[in-house]
Amino acid sequence: MSGHDGVQGASGEAMGGRLVLLGNAIVDLVMRVPALPERGGDILSEDTTLTTGGGFNVLTAARRLGLPAVYAGAHGTGPFGDRVRADLAREGVEVVLAPLAEEDTGFCVAFVDGGGERTFATSLGAEARLTEAHAAAVLAALRPGDLVQISGYGLAYPVNGPVLASLVARLPEHIRVFLDPGPLADQIPEEVLAPVLARCDWVSCNQREGRLLTCRDDAREAAAALAARLGPRTGVLLRADADGCWVVPPGGEATHVPGRRVTAVDSNGAGDAHTGAFLALLGRGLDLTTAVRGANAAAAFAVTRHGPATGPTLDELLEFLAGEPLAARLTSALGR
């Protein structure tokens, strides 16, 4: 496994390491509907909100658990770009790149049905216009111990994909690399995906994405097959919603980590909450088992709240886990 474990100070804050997102922070138009309309049909939204989403959800989930976070993606000039930057600033997330002129940040329409499931349609904007100059600026901004998160959305974009693949191949060995292949996993060109997978320390995906990457329906089999494809230097997290996740440590065997049964009201952003919490807890020096269990709990918390960026703060996570051994472990490790 390339890189090395996070170092933690007496206060529990990560020393030096940050989450650096090479993804896309965009605006989400979230519409709650009883069910998706039939083809050619129409349906009235029960509730509609405009919020920042995409990679923003991962950044906020990590930041709320105490890990410094940096947005290293592109962003535009216009009302959507302004909103994204304002929300990043509110969450205490640093922005690396200057806004692109004459093009706004893109947006996504997210339909959340009565069962809490979400369906997306995305319009690309400035976030899909990365250049080699942007890549050079990101490389110059990295620090020893940083954790770099990459989304499959960016890899699937025709302009961003080759730039990101080249950037990842040039990352120093002390940088840990995490990939969430996302819903477009099967649409990423092999010449883009292969070098990213070769450099990854961890790949985290849901069951559908695992099936796209391995052609295996069973969650355990998909996790094991993906780990075999990646090799012994790379770990795998395969998220299985309420059933928790399957974990394959680098060079290890697939192990099931149980989830938590809650009443879900909105699954939008649950995977991002899991990813952000996992990165935050690893980045703050916790062991793998605790980080995974904490991530499962954070994702369970997130689906009980409306909205995409619903990862818990540390206080909210501890209250959610009140009386459980995991709460005591997190309190002890993070100095609370």
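The values are calculated or read from the model by the stated rules, or taken from the named source; none is laboratory data. Note that this is a predicted model, so its numbers are computed, not measured. We place every Cβ from the backbone using ideal geometry, glycine too, and count neighbours over all the protein chains shown. The accessibility values were calculated without ligands, DNA or RNA, using every heavy atom of the protein model including side chains. Shrake-Rupley method; radii C 1.70, N 1.55, O 1.52, S 1.80 Å.
Quick look at the values:
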{"quantity": "Identity of the residue in the range 51-107, surrounded by fewer than 24 Cβ atoms within 10 Å (Cβ to Cβ) and among the hydroxyl-bearing types (Ser, Thr, Tyr), that ends up nearest to residue 149 (Cα to Cα)", "calculated": "51"}
{"quantity": "Strands (runs of 3 or more DSSP E) contained entirely in the range 18-124, each with at least 3 residues that are in contact with a strand residue (DSSP E or B) (Cβ under 7 Å, 6 or more places away or on another chain) and more than 28 Å from residue 159 (Cα to Cα)", "calculated": "47-54"}
{"quantity": "Failed criterion for residue 246 (all others in (1) out of contact with any Lys or Arg (no Cβ under 8 Å at 6 or more places or on another chain); (2) closer than 18 Å to residue 181 by Cα hold)", "calculated": "(1)"}
{"quantity": "Criterion violated by residue 36 - all others in (1) open to solvent by less than 60 Å² (accessible area, probe 1.4 Å); (2) farther than 26 Å from residue 161 by Cα satisfied", "calculated": "(1)"}
{"quantity": "Any chance residue 204 is modelled with pLDDT under 95, under 15 Å from the mean Cα position of the chain (by Cα) and either under 25 Å from residue 55 (Cα atoms) or part of a loop (DSSP other than H, G, I, E, B) (or both)", "calculated": "no"}
{"quantity": "Residue under evaluation residue 115, criteria (1) touching a Ser or Thr at 6+ places or on another chain (Cβ under 9 Å); (2) more than 30 Å from residue 34 (Cβ to Cβ); (3) surrounded by fewer than 16 Cβ atoms within 10 Å (Cβ to Cβ), criterion not met", "calculated": "(2)"}
{"quantity": "Residue count for the range 212-223, restricted to those that are in a helix (DSSP H, G or I), touching a helix residue (DSSP H, G or I) at 6+ places or on another chain (Cβ under 6 Å) and either small (Gly, Ala, Ser) or more than 17 Å from residue 275 (Cβ to Cβ) (or both)", "calculated": "4"}
{"quantity": "Identity of the residue in the range 220-257, modelled with pLDDT of 95 or more, farther than 22 Å from residue 194 by Cα and not basic (Lys, Arg), that ends up farthest from the chain's Cα centre (by Cα)", "calculated": "253"}
{"quantity": "Criterion violated by residue 155 - all others in (1) open to solvent by 20 Å² or more (accessible area, probe 1.4 Å); (2) in contact (Cβ under 8 Å) with a residue 24 or more places away in the chain; (3) touching a helix residue (DSSP H, G or I) at 6+ places or on another chain (Cβ under 6 Å); (4) not polar (S, T, N, Q) satisfied", "calculated": "(1)"}
{"quantity": "Residue in the range 131-150 that is surrounded by fewer than 22 Cβ atoms within 10 Å (Cβ to Cβ), free of Cβ contacts under 8 Å to residues at least 40 places away in the same chain, under 21 Å from the mean Cα position of the chain (by Cα) and in a loop (DSSP other than H, G, I, E, B) present", "calculated": "no"}
{"quantity": "Hits in the range 166-192 - residues which are in a helix (DSSP H, G or I) and either buried (at least 21 other Cβ atoms within 10 Å of the Cβ) or in contact (Cβ under 8 Å) with a residue 60 or more places away in the chain (or both)", "calculated": "167, 168, 185, 192"}
{"quantity": "Total residues in the range 262-275, condition over 15 Å from residue 206 (Cβ atoms) and in contact (Cβ under 8 Å) with a residue 60 or more places away in the chain", "calculated": "2"}
{"quantity": "Contacts under 7 angstrom Cβ, first residue in the range 220-241 being under 19 Å from residue 288 (Cα atoms), partner among the charged types (D, E, K, R) and surrounded by 18 or more Cβ atoms within 10 Å (Cβ to Cβ), 6 or more apart", "calculated": "234/201; 235/201"}
